[in-house]
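What follows is a set of notes on a single structure, which appears directly below.
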Amino acid sequence: MVVAIGAHVDQTDPVAEATARGASLVQFFLGDPQSYKGPVVTYADGAAALKARAEEQGVDLYVHAPYIINVATTNNRIRIPSRKLLQQHMDTAAEVGAKGLIVHGGHVNKDDDPAKGFDNWRKAIEATDIKVPLLIENTAGGDNAMARYLDRIAGVWEAISTAEGAENVGFCLDTCHAHAGGNPLETVVEDVRKITGRIDLVHCNDSRDEFDSGADRHANFGAGRIDPDLLAGVVRDAGAPVICETPGGAAEHASDFAWLRDRL
Ligand SMILES: [Zn+2]
């Protein structure tokens, strides 16, 4: 089975990073993933040149939004800056010609009604000018998370389905997060698809932790706790492009790609 496989890389020269790995797609951050500072493009010739270079080389670029974005929260002092940061990343992702912008599902506070989070997601989609597909990613943990368990993902999807722009919202399925988040990998692709109708991207990662541990620690393939056949099965079933967010650089990634291709 032919699946496009790439990796999360440094943004300074993502096309060179793709070439170094023999990959046709890469993902990167536009700056510090833990910061509210806006996006930064460090490619020497700027965003438009990066877009042109990637097109010329046939490399698909994906941008991962900062982890701190939480558009679901009931806390205004986090939700409002999160929406702003999401739009800024959306704008820059479009400038570099990204095929998608990945953002975590976020969470509401411990005692909050999750329905408030679902509605905040709807408002965020309505407020955002979605220029490239916005891919909501499942998370491993988080108190009262929006995209850990299936019932919450269903709540988010139902809420955003009525929002303008919802057709440009997709799903990024992370295998480490699904496993550590307590979703059986045997059925997760089918389970998610029943809710979202689509899986646009797979983050393929092994996990250093047990099933349903709630921990988010990625591992290289075969070095973690996920059954190799299940990991490959998710990639096969999803039939979507794959980004490995596994430890190491080009050499480790190339060996992860080979490990995965052997099992597809
Ligand atoms: Zn991920």
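The values are calculated or read from the model by the stated rules, or taken from the named source; none is laboratory data. In this text, all values refer to a predicted model and were calculated from it rather than measured experimentally. Here the Cβ is made from the backbone with ideal geometry for all residues, glycine too, and neighbour counts use every protein chain on show. Ligands, DNA and RNA are stripped out before the accessible areas are found, and what is left, the full protein with its side chains, is counted by its heavy atoms. Shrake-Rupley method; radii C 1.70, N 1.55, O 1.52, S 1.80 Å.
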| Complete set of residues in segment 133-182 that are among the β-branched types (V, I, T), open to solvent by less than 10 Å² (accessible area, probe 1.4 Å) and either under 23 Å from N220 (Cα atoms) or touching a Gly at 6+ places or on another chain (Cβ under 7 Å) (or both) | I136, V156, T175
| field | Residue in segment 162-173 that is within 18 Å of H64 (Cα to Cα), more than 16 Å from the ligand (Cβ to nearest atom), in contact with a strand residue (DSSP E or B) (Cβ under 9 Å, 6 or more places away or on another chain) and assigned to a strand (DSSP E or B) present | value | yes
| query | Can you tell me how many residues in segment 183-221 are open to solvent by 30 Å² or more (accessible area, probe 1.4 Å) and closer than 19 Å to G6 by Cβ? | reply | 3
| request: State all residues of segment 202-214 that are more than 18 Å from V103 (Cα to Cα) and not aromatic (F, W, Y); if no residue qualifies, say none. | output: D206, S207, R208, D209, E210, D212, S213, G214
